[in-house]
Amino acid sequence: MDLNKLEEALEQDRLCHIDMIDCIRRGFAQVEKWDERGVLLYNTGCNQYHLTAKDPSFLGEAVALCRPGRTLVCHQEEYVPQAVSRLGLNRMDFYHGVYSHSAPPPQRGEEPVIRTLDPSWLDQVSPHYYADSERAMLARTLARGEIFGAFKEEKLAGFIGCHEEGTYGILEVMPDFRRQGIGYALERHVIGWLLERGRIPYCQIRPDNKASLSLQNRLGLELSPRVVHWLFP
């Protein structure tokens, strides 16, 4: 299986397929099905599927290969209803925000001190991210050394991290420190951290999250021309 050729094909619609391109580059791509009609990848790094197709006939064959209880990232909206119905999944839509420059965004004003957080920070971080409902994921991310905290006067002002599938996110700014450039500084830091490791800095933004869309614009990210669809258990 020539993954270089597959990556070249996906590059034709890079912003929408950046998740699949990143999966290939990081060595986590397992090709479940690939022909002229479409591609189904399995991301072994986080146990989820990525589907893109040109022909509806590909969908049924691809969905039949998906194991129950796994997330499926679908890149064409017209295939979402059938995939949701057949796999019994829920749906969330996101734009991809992709940073395509070789150097991090410029610094803006005085920045907080930013440090890598270790697992001892779990009890302080988890209540601020989806009300403690993602505790297990945060514990794994802290253990990998992929959550970064911003500090002002030795107080945790906010944090950001890298999701298992390759995106960066997990961005939270504490209420007392909002509108002080903390979010910009944290994203600038994680973008630089990813670039240093030869990775593609990209994130996901809900279409209705105007504050995040504005922040990505200030940081110089490009948005995908259409949303991708996360279908999850």
Output the number of the condition that residue 107 fails; it satisfies all remaining conditions of (1) closer than 21 Å to residue 183 by Cβ; (2) surrounded by fewer than 18 Cβ atoms within 10 Å (Cβ to Cβ); (3) within 20 Å of the chain's Cα centre (by Cα); (4) not assigned by TED's automatic domain parsing to the domain that holds residue 149. (3)
When you look at residue 67, is it at pLDDT below 95 and either within 30 Å of residue 182 (Cα to Cα) or basic (Lys, Arg) (or both), yes or no? yes
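Condition check ((1) among the basic types (Lys, Arg); (2) buried (at least 19 other Cβ atoms within 10 Å of the Cβ); (3) assigned by TED's automatic domain parsing to the domain that holds residue 136; (4) without any contact (Cβ under 8 Å) to a residue 12 or more places away in the chain) across all residues:
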| residue | (1), (2), (3), (4) |
| --- | --- |
| 174 | no, no, yes, no |
| 178 | yes, no, yes, yes |
| 187 | no, yes, yes, no |
| 191 | no, yes, yes, no |
| 195 | no, no, yes, no |
| 206 | yes, no, no, no |
| 211 | no, no, no, yes |
| 232 | no, no, no, no |
Would you check if residue 160 is outside any loop (DSSP other than H, G, I, E, B) and either in the same structural domain as residue 77 (by TED's automatic domain parsing) or under 18 Å from the mean Cα position of the chain (by Cα) (or both)? yes
Of the candidates 45, 69, 109, the one satisfying the condition of being part of a loop (DSSP other than H, G, I, E, B) and closer than 14 Å to residue 165 by Cβ is 45
Matching residues, segment 102-123, being closer than 30 Å to residue 231 by Cα and out of contact with any helix residue (DSSP H, G or I) (no Cβ under 6 Å at 6 or more places or on another chain): 123
From the list 99, 95, 49, pick out the single residue that is surrounded by 15 or more Cβ atoms within 10 Å (Cβ to Cβ), free of Cβ contacts under 8 Å to residues at least 60 places away in the same chain and among the hydroxyl-bearing types (Ser, Thr, Tyr). 49
On the given criteria, is residue 82 surrounded by 12 or more Cβ atoms within 10 Å (Cβ to Cβ) and either among the aromatic types (Phe, Trp, Tyr) or not in a loop (DSSP other than H, G, I, E, B) (or both)? yes
Extreme residue, surrounded by the most Cβ atoms within 10 Å (Cβ to Cβ), among residues of segment 11-32 that are more than 20 Å from residue 66 (Cα to Cα) and of a type in the set (D, E, K, R): 22
In segment 113-156, which residues are touching a strand residue (DSSP E or B) at 6+ places or on another chain (Cβ under 8 Å), more than 20 Å from residue 46 (Cα to Cα) and assigned to a helix (DSSP H, G or I)? 121, 124, 125, 128
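The values are calculated or read from the model by the stated rules, or taken from the named source; none is laboratory data. This structure is a prediction, so every number in the text was calculated from the model and none was measured. Every residue, glycine as well, gets a Cβ built from its backbone with ideal geometry; the counts of neighbours run over all protein chains shown.
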